[in-house]
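Working notes, structure below.
Taken together, the values in this text are just the output of simple stated rules run on the coordinates, not laboratory data. Quantities reported herein were computed from a predicted structural model and do not represent experimental measurements. Backbone-built Cβ (ideal geometry, glycine too); neighbour counts: all protein chains shown.
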Amino acid sequence: MYIYKHTRYFIHYIYKLGIKMIADKKRLALIDFYLTYTGRFNRKYICNHYGVGTVTASRDLNKYVELYPENLDYDVKQRAYITNTASFKTRYQHNDNNALNFLTTGKWQETIEHTVASIGQVSPVLGSNLVNGVVSSITRAINQLTTISISYASRVSGQTERSIAPHSVFEVSKHWYVRAFDYHEYEFRTFKMSRITTSASHSSMVKNEERKEADLQWGDIILLTIAPKSNLAHKAPILFDLGLHDKPVINLNMNVSIAAIWLPEMQIDYSKEGNKENRTHPLRLLNRHEIVLVDGLEYLFN
């Protein structure tokens, strides 16, 4: 009985120790995540994510500094640790798509083991993975207001080398895009992240006229009125797909930069006659006449 009792306590102790080690590793990975994607870390981030106190957060931060001192420096002015770009190396495995989702929506995602049987499979998705290091260099530049150099594969001009000042990222139809000031064309442009093959960070700061606040197409919000085509044999399924159980149309407010990508990606019929094939373009842009001359959308209507 004595041996059984102490064996049970020992197993329970090992179990709790394992849980603690997993939790500690997650918090260390969180520090690495912020340094990788934002270039900045403060202990309050651990507190906010995992609900621990400042003592635990400080202990985790000290542990990370002890393990990877070359990864970060303390910035007195910012009162935070910042990434040492000269020697930084990501020490934990991170998912670029999860990082982009968190940085755009605030929704944190962690992989957990199934507690019940799987009920399905994920369908294949065409497209390549984002090139390693590209996303983090973009997101760090956005947070630090610095520029980066990239190699970009354009459908018009082919492979080009250019410097950009990224200010925002967004997703359309499972593809990520970055909005940036392009020093090659000296104007704001949208780049598809999957076409960025290399990237390198710079220390040069972005000027006021190259920042998000100066990007008129990003700040210009337009209304898109979308509805099923009038000549569809059965409109109800399309209305249900849009969540329109009691409305004939859907009105969406969207900035011009995103609308320029969203309209063709969603296969909206924005032609003047509205005569694109119904099977592939069952929806029509009803207020085409209101946005046909908007700067940034002209190429769609030419």
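The table below gives the values:
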item: Length added when fully stretched, E185-E277, from 0.36 nm per residue minus Cα-Cα; result: 29.5 nm
item: N231 paired with H245, simple spin-label distance in nm, labels 7 Å along Cα-to-beta-carbon; result: 3.2
item: Stretchable slack from A29 to L223, in nm (0.36 nm times residue separation minus alpha-carbon distance); result: 65.7 nm
item: Positive-pole candidate from P237, G158, M266, dipole of the range 148-302, charges at beta carbon; result: P237
item: Exposure proxy ranking, count of Cβ atoms within 10 Å, fewest first, for T83, T105; result: T105, T83
item: Dimensions in Å of the range 220-301 - Rg and Dmax from alpha carbons; result: 12.4, 36
item: Order of T104, T190 under a 10 Å beta carbon neighbour criterion, fewest first; result: T104, T190
item: Estimated distance in nm for a label pair at N129 and N42, the labels positioned 7 Å out from Cα along Cα-to-Cβ; result: 3.3
item: Entries in K63/K89; K107/K212; K25/K63; K235/K276 that, when Cα-Cα distance is taken, lie over 19 Å; result: K107/K212
item: Residues M266, M193, sorted so that the one with the fewest Cβ neighbours within 10 Å comes first; result: M266, M193
item: Rel. contact order, % - alpha carbon contacts under 8 angstrom, at least six apart, the range 160-302; result: 20
item: The chain, relative contact order [Cα under 8 Å, separation at least 6], %; result: 11
item: Virtual spin-label span in nm between E66 and S154, 7 Å along Cα→Cβ; result: 5.2
item: Gain on full stretching of the segment that runs from T198 to A117 - 0.36 nm per residue minus C-alpha separation; result: 25.1 nm
